[in-house]
Amino acid sequence: MERSRARDDAATPSTPREQASSPDGTQVGGPPRVPEQARGEHTHGTPRTGHADRRRPASAGAGAPAAAPPPAPAPSAEPGVRRTVRRHSVRGQILDALRTALVSGELVPGQVYSGPALGERFGVSATPVREAMQQLVLEGAVEVVPNRGFRVAERTARDLAELAEVRALIEVPVMLGLARTVAAERWAELRPLAEATVAAAACGDLAAYGEHDRAFHGALLRLSGNHQLVMVADELHRRAQWPLAGPPRTIGAALVADAAEHSALLDALIARDLPVVRSLVREHFTGGAG
């Protein structure tokens, strides 16, 4: 019997750790319990979703790794693209509005304007205003005044004369070349653009005249097929439209006369009258409005 009891004791060893229990009566001794999640799986931090995690197909072998969860879809760039488009759209609209204000004289040469004040005027934050103003700095329309804002550049009569000279050097040879080669029908197609400048001049709308004037001259030069020429000429043209320093001038009659030169230029181009084309283009630039 002693030998039988010894065999029973050897088969079921008893230690103090095995007899310990937690306050709720559960056993805490014995080998550590392996979490269900850790057995044969690697979840990469995927949260468990309850008992469904333990349900596996019968065909899966014991201990076989579970299928990796499908990768999360990459965040769509579409919302960001839309935000970028809107941001650039606001900046572009503010830039157009500032250019219009420059041409019309609403932004007075020599005056300093702050980004927040202009933003309040346009109903936007100061950020797109500052971005648009930085573009105008590059164009020479305004200059930065540290801790204050932007000062509208003060142009002189000499500045205007120099711009007219540069424009003539570029555009007169181009217009003479086009007069020799472009068919009369193509020139006639530009007549509505010339008439639009006449209508704007008759209303005294300087900003609208500036837009139609640039559209007319741009259409003429695009017939050359030289895109770089069109961009350079348009930039010079834009600069020539900024008002001079000093008190506002009455330019109603000069604007009407300038607009009338557009129709006269088309007539000379259709007739291929080269001396008149040369004279009209030069006088048009020195007139100060076109």
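Which trypsin sites (Lys or Arg not before Pro) from the stretch 119-167 combine a DSSP loop assignment with at most 13 other Cβ atoms within 10 Å? Each step should come with its number before you reach the end.
Values: sites: Arg121, Arg130, Arg148, Arg151, Arg155, Arg158, Arg167; in loops: Arg148.
Counting only loop positions with at most 13 other Cβ atoms within 10 Å, the trypsin sites (Lys or Arg not before Pro) in the stretch 119-167 are Arg148.
About the Cα centre of the stretch 156-199, how large is the charge dipole given +1 on each Lys and Arg Cβ and -1 on each Asp and Glu Cβ? Please answer in debye to the nearest 20. Before the final figure, lay out each step's value.
On the way: 5 positive and 7 negative charges, 25 e Å.
The dipole magnitude comes to about 120 debye.
Of all accessible surface on the stretch 140-290 at a 1.4 Å probe, what whole percent is carbon and sulfur?
Numbers: 4410 of 7680 Å².
Carbon with sulfur: 57 percent of the solvent-accessible area.
The values are calculated or read from the model by the stated rules, or taken from the named source; none is laboratory data. Remember, it's a predicted structure, so these values are computed and weren't measured experimentally. Please note: Cβ atoms are built from the backbone with ideal geometry, for glycine as well, and neighbour counts cover all protein chains shown. Each accessible area value is taken on the protein alone, full model and side chains, heavy atoms only, with ligands, DNA and RNA left out. Shrake-Rupley method; radii C 1.70, N 1.55, O 1.52, S 1.80 Å.
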